[in-house]
1. On a 27 Å Cα-Cα criterion, which of the cross-link pairs Lys52/Lys80; Lys94/Lys115; Lys55/Lys88 come out too long?
2. Efficiency by 1/(1 + (r/R0)^6): what FRET value for His102 and Glu37, r their Cβ-Cβ distance, R0 = 35 Å, to the nearest 0.05?
3. For Lys52 and Lys94 in one chain, what is 0.36 nm times their gap in residues minus the Cα-Cα distance, to one decimal in nm?
4. If a paramagnetic tag sat 7 Å from the Cα of Glu67 along the Cα-Cβ line, which residues of segment 15-59 would have the backbone N under 16 Å from that point?
5. Quick one: if the Förster radius is 25 Å, what FRET efficiency do Glu117 and Ile22 give, using the C-beta to C-beta distance and rounding to 0.05?
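Read-outs throughout are calculated quantities, based only on the coordinates presented, and are distinct from any laboratory measurement. Here the structure is a predicted model, which is why all the values come from computation and not from measurement. All Cβ positions, even for glycine, are placed from backbone atoms using ideal geometry, and neighbour counts span all protein chains on display.
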Amino acid sequence: MEDIGLALADFVSNLENVPSEIRHLFSEITDLDEKYEESMSLAYTHERALQKLFKDESNRVTQSERESQLQMQIDEEHKKAQVLCKEKLRLTRKAMNVVHRHLQKLDMEIRHFDKTEQNPNRTFSVDT
């Protein structure tokens, strides 16, 4: 029973680093989310300008240039937003893996101690 106590103490010690790792990853995700919102806001602003351009029929020659410029800006902002989303997803998966890895380690240690407690006289040998 003493061994499982040591294993749990070791796990808790390792677990103390998890909140700081997770907090750091979530901080990065929050920063990416703010950049995403900014990018989508710019895209929306360009889309409104494009709609106004379509309503204004006074100068069709310069509208074509302005239209293609606005469309390029909208596409660029959408691409930025997509890249930011992919990065947020990567960081979220990384955070999940950090937690999962620690839980797996605890589970493995508990299973090991369950086996040794059921067979206290059993000795383990390494086959070579």
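1. Lys94/Lys115; Lys55/Lys88
2. 0.65
3. 10.8 nm
4. 47-59
5. So, using R0 = 25 Å, E works out to roughly 0.20.
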